[in-house]
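Working notes for the structure below.
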Amino acid sequence: MIKKNLQPFKNHLLKAYEIRCTENLLLELFRTGDIRGTVHTCKGQEILPVIFQEHLTKKDFILSNHRGHGHFISWTNDIEKLVLELLGRELGVSGGYGGSQHLHSLSFLSNGIQGGLTAIAGGIASSRKDNGLVVNYIGDGTLGQGLLYESLNLCSKWQLPVIYVVEDNGIAQTTSTKQTMAGTVKGRADAFGIKYLSGDVREISTLNETIKQSVDYVRKTSAPLLLHISTYRMGAHSKGDDNRDDFILKDINSKDLINIALSEKIIKDEEIEKINNNLSSIIERSLKSKKLEHVDRFNPIRISEINFGPLAKIEDKRYIELINTGLDNAFKKHSELWMIGEDIEDANEFFSKDYGGAFKASKGLSKKYLGRVHNTPISEAAIVGFGIGRALSGIPTIVEIMFGDFITLAIDQIIQQASKIPTMFNKNIPIPMILRTPMGGRRGYGPTHSQSIEKLIVGLPNVNVVAMNHCVDPANLIDSALESLKLNILIENKVLYSLGSFQKSIIGYNYEQSLELDFPIIKISPVRHVPSCTIFTYGHGLVYVEEALKILLYEFDIFCEVICPTLISPLEIGPLRNSLMTTKKLLTVEEGPTFAAISSECIASLVESGVRSFDVARLGNNSVIPCSYEAEDYLLPGIKDIIKSVKELVE
């Protein structure tokens, strides 16, 4: 009876057996030292992606995890590229860079962070055309990750065609799921109004029907579905860390369909020989292939000769209005662009009064660009992940985080996904995305809504961090950010929003901006005097520096040169270095912390570049910001602090 039930699925079992043989060879290559790091095999779970593949088309997209070899082989049928990748070879699917857990090819992407792709799945799904869908494989261990539930909620509300496949093998590394999971998997799906189906890899005929039903449902409704499949991991979590009792492993092996197919001779000896011969040839060729030995080194500090010219003119409007104009221009230029965030729409079907964002940056845009400006749940990690997924599909995307303080909730998506995806697959994958967020104090919002925490997001590969200031038109910054084809985090100071009447130059000073850079550096220099001190600042700090310059000039006859970049990561310090070579005195002004921050990196890099014997003072805030206006004003560096520090440096 068992043989009769399995016979119609012989080709699937044969493919699953080939995957298992591949996994065994990878483990052997690890034991011989040819593979380094780790290997998470899918032994015991191979049949699921093989069956799934039968019901998918190339217009679909697969997102996988740390245990994704079977998913990859089923989708691409390219064992050799996988083997080459794990061996660290240049011809590997990720150029030898990603290894076992980080694979990218033919609408396939995997990442080893548990649940890290669940929101990205929604973003990719929003871009699918011709009835395409996304399959996101997750393990039962991922059921403990909060991002999963943010993603389920978002995908359910927006009706996105994602099949979340829970491969439930009952154990997360070495811990039983019974020890860590409350409630049921079905209950989780029901909570978000998501259709739930279940199956078991040991019931192959029923599994096939369930997968077909899942795919048909998602294609027909464009709604998400949670598919809960019982699987049985035969091996250790990675290499040898298996603490399960022997009787459990014996039971898994005895009921394994591939083992049954072998014992019942459904898989023939000649077929086994053919698979083994093919794999032996692949290993032989792969071991001779060229190793990846050299990769580009990322340096977040640049030192270049920069040419300067007159400031570009800016319309005399409130800065928040200029940002709104810049966003409007972006919508006009990029026809598929979406902007998502909390409370960014105007009047809609739920409320008749306009809102347009907490600071009105998106005022009027949801009415002007119907269906392209979307309110989101309070789910910072999910909306950033969604933006990354949509941008990965080549569609420009803007995400607003209401307060910069909340960026900590999305830090995994920024560091582990947006920063690494363009590099770790060795393909320079574009991510045309903007993450806008207001930072800074002096509005009385207190400890959790007033911080300047850009130090947490600078220095990351493939991520631009841009600090707006009143001398640069934000519309140009928004345009440059989208054209850069990488994640750009735009920091907008909350006090700057309400300011107007820009570019009123100080008499006796010359205002210039860099000419070649997409994100200009502002330089303010004395017209007829040699500066006595260099001031480095960014963002809204420039306003206080300018006010201090006036008093230093009129009351103390002290002239300074100011260097104010808009792109603070990666950071160009060539102009700062040139200025410091003249003045030998440096004051850095930032509203955020001074410890392990931008100012400290500037100083260290200047010393590394050969600048010696200069005096330094730093202004910033390393304390928790209070609500009290007087206490906040005392903590944050202001005009008097700048004047005092410059005088001490010069005198």
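Would you please name the chymotrypsin sites (Phe, Trp or Tyr not before Pro) within region 534-637 that are DSSP coil residues with at most 16 other C-beta atoms within 10 Å of their C-beta?
Phe595, Phe614
Lys and Arg at +1, Asp and Glu at -1: add these up for the other residues within a Cβ distance under 15 Å of Asn208 and post the number. Please list the in-between numbers first.
Values: positive: Lys10, Lys15, Arg202, Lys212; negative: Glu46, Glu54, Asp200, Glu203, Glu209, Asp216.
Summing Lys and Arg as +1 and Asp and Glu as -1 gives -2.
Taking percent of Cα pairs over 41 Å apart straight from the coordinates, which label in (i) 37; (ii) 33; (iii) 28 is the correct one?
Structure-derived value, by its label: (i).
What are the lysines whose alpha-carbon lies under 25 Å from the alpha-carbon of Lys363, with same-chain residues fewer than 8 places away excluded?
Filter leaves Lys157, Lys313, Lys317, Lys332, Lys333, Lys353, Lys494.
Over 23 Å between Cα atoms, which of Lys15/Lys290; Lys81/Lys274; Lys523/Lys585 qualify?
On the way: Lys15/Lys290 28 Å; Lys81/Lys274 19 Å; Lys523/Lys585 16 Å.
In this structure, Lys15/Lys290 exceed 23 Å between Cα atoms.
Looking at Pro447, Gly68, Pro575, which one has the Cα that reaches farthest to the positive end of the dipole of the chain (charges on Cβ: Lys, Arg +1; Asp, Glu -1)?
Gly68
Evaluate the charge dipole of region 367-519 about its Cα centre and quote only its size in Debye, nearest 20, assuming +1 on the Cβ of each Lys and Arg and -1 on the Cβ of each Asp and Glu.
Numbers: 13 positive and 12 negative charges, 77 e Å.
Rounded to the nearest 20 debye, it is 380 debye.
Positive end of the dipole of the chain, charges at C-beta (+1 Lys, Arg; -1 Asp, Glu), about the Cα centre: which of Met181, Gly95, Tyr149 has its Cα farthest in that direction?
With unit charges placed on the Cβ atoms, the residue in question is Gly95.
Within the chain, what percent of beta bridges assigned by DSSP are antiparallel, to the nearest 5?
Values: 19 of 81 bridges.
Just about 25 percent of them are antiparallel.
Between region 445-492 and region 532-605, what is the C-alpha centre distance in whole Å?
Each part reduced to its Cα centre gives a spacing of 18 Å.
Which of the residue pairs Lys10/Lys43; Lys427/Lys486; Lys58/Lys195; Lys58/Lys486 have a Cα-Cα distance greater than 20 Å in the structure shown? Let's see the in-between values first.
Values: Lys10/Lys43 18 Å; Lys427/Lys486 13 Å; Lys58/Lys195 24 Å; Lys58/Lys486 26 Å.
Correct reply: Lys58/Lys195; Lys58/Lys486.
Work from the charge dipole of the chain (Cβ charges, +1 for Lys and Arg, -1 for Asp and Glu, about the Cα centre) and give the residue of Thr57, Ile314, Ile344 farthest towards its positive end.
Thr57
Size of the dipole of region 49-204 about the Cα centre, Lys and Arg at +1 and Asp and Glu at -1 on the beta carbon, nothing else charged, in debye to 20? Could you put the intermediate results ahead of the total?
Numbers: 13 positive and 14 negative charges, 68 e Å.
Once rounded to the nearest 20, the dipole reads 320 debye.
How high is the relative contact order of region 550-651, in percent, counting Cα pairs under 8 Å that sit 6 or more residues apart? Before the final figure, lay out the partial values.
Numbers: 90 pairs, mean separation 28.7, N = 102.
It rounds to 28 percent for region 550-651.
In a shell of Cβ-Cβ distance under 14 Å around Lys239, excluding Lys239 itself, what net charge do Lys and Arg (+1) and Asp and Glu (-1) give?
Once positives and negatives cancel, what remains is 0.
Roughly how many whole Å is it from the C-alpha centroid of region 409-423 to that of region 60-119?
That distance is 17 Å.
Using only the alpha carbons of region 83-190, what is the convex hull's orientation-averaged projected area in square nanometres?
Mean projected area of the Cα convex hull: 8.1 nm².
State in Å² the accessible area per residue of region 1-95; use a 1.4 Å probe, count heavy atoms of protein chains only, and round to the nearest integer. Write out the running numbers ahead of the final one.
Numbers: 3480 Å² over 95 residues.
That works out to 37 Å² per residue.
Over region 95-186, calculate the relative contact order: mean separation of alpha carbon pairs under 8 Å at least 6 apart, over the residue count, as a percent. Present the calculation step by step, with values, prior to reporting the outcome.
Details: 100 pairs, mean separation 24.5, N = 92.
Result for region 95-186 is 27 percent.
Percent of Cα-Cα pairs per 5 Å bin, from 0 to the last occupied bin, for region 386-459, please list those.
Pairs per bin, as whole percents: 3, 15, 23, 23, 16, 10, 6, 3, 1, 0.
Using the per-residue mean of other Cβ atoms lying within 10 Å as a proxy for protection, in what order, highest first, do the peptides 20-30, 385-395 fall? Present the calculation step by step, with values, prior to reporting the outcome.
Working: 20-30: 19.5, 385-395: 26.3.
Put in order of decreasing packing, that is 385-395, 20-30.
Could you rank the peptides 165-174, 602-611 by their average count of other C-beta atoms within 10 Å per residue, with the highest value first? Before the final figure, lay out each step's value.
Working: 165-174: 19.7, 602-611: 16.0.
For the peptides 165-174, 602-611, the packing ranking is 165-174, 602-611.
What does the helix-only formula give at 222 nm for the chain: each DSSP H stretch with n ≥ 4 adding -39500 (n - 2.57), the total divided by the residues, and the result rounded to the nearest 500 deg cm²/dmol? Each step should come with its number before you reach the end.
Details: 23 runs with 240 residues, N = 651.
Rounded to the nearest 500, the figure is -11000 deg cm²/dmol.
Under unit Cβ charges (Lys, Arg +1; Asp, Glu -1), what dipole magnitude, rounded to 20 debye, does the chain have relative to its Cα centre? Could you put the intermediate results ahead of the total?
Details: 70 positive and 76 negative charges, 217 e Å.
So the dipole magnitude of the chain works out to roughly 1040 debye.
Could you state the accessible area per residue of region 386-425 in Å², with a 1.4 Å probe and every protein chain left in place? If you can, show how the numbers build up before the last one.
On the way: 860 Å² over 40 residues.
On a per-residue basis, 21 Å².
Please list, ordered by chain and number, the residues whose modelled amide H lies under 5 Å from the amide H of Arg302; skip anything fewer than 5 residues away on the same chain.
Amide H neighbours of Arg302, under 5 Å, 5+ apart: Leu571, Glu572, Ile573.
Under 11 Å from the Cβ of Ile73, count the other residues' Cβ atoms, weight Lys and Arg +1, Asp and Glu -1, and hand me the total. Before the final figure, lay out the partial values.
Working: positive: Lys15, Arg20, Lys81; negative: Glu18, Glu23, Glu46, Asp78, Glu80.
Neighbour charge sum, excluding Ile73 itself: -2.
Sorted by mean Cβ packing within 10 Å, highest first, what order do the peptides 312-320, 411-419, 97-105 take?
Details: 312-320: 15.1, 411-419: 20.9, 97-105: 22.4.
Most protected by this proxy first, the peptides run 97-105, 411-419, 312-320.
Over the chain, what is the relative contact order in percent, taking alpha-carbon pairs closer than 8 angstrom and at least six residues apart?
Numbers: 1323 pairs, mean separation 76.1, N = 651.
Reported relative contact order: 12 percent.
Rounded to the nearest 5, what is the percent of antiparallel bridges among the DSSP beta bridges in region 460-577? Can you show the working numbers first?
Values: 12 of 21 bridges.
Antiparallel: roughly 55 percent of the beta bridges in region 460-577.
Just the accessible area per residue of region 198-280, please: how many Å² with a 1.4 Å probe? Walk me through the numbers before you get to the answer.
Numbers: 4150 Å² over 83 residues.
Ligands and nucleic acids excluded, the figure is 50 Å² per residue.
Per the 1.4 Å probe, what fraction of the accessible area of the chain, in percent, lies on carbon and sulfur atoms? Each step should come with its number before you reach the end.
On the way: 13540 of 26930 Å².
Answer for the chain: carbon and sulfur cover 50 percent of the accessible area.
The values are calculated or read from the model by the stated rules, or taken from the named source; none is laboratory data. A quick note: this is a predicted structure, and the numbers were derived from the prediction, not measured. Note that we place each Cβ from the backbone using ideal geometry, even for glycine, and neighbour counts take in every protein chain shown. Accessible surface is based on the protein model in full, side chains and every heavy atom, while ligands, DNA and RNA are left aside. Shrake-Rupley method; radii C 1.70, N 1.55, O 1.52, S 1.80 Å.
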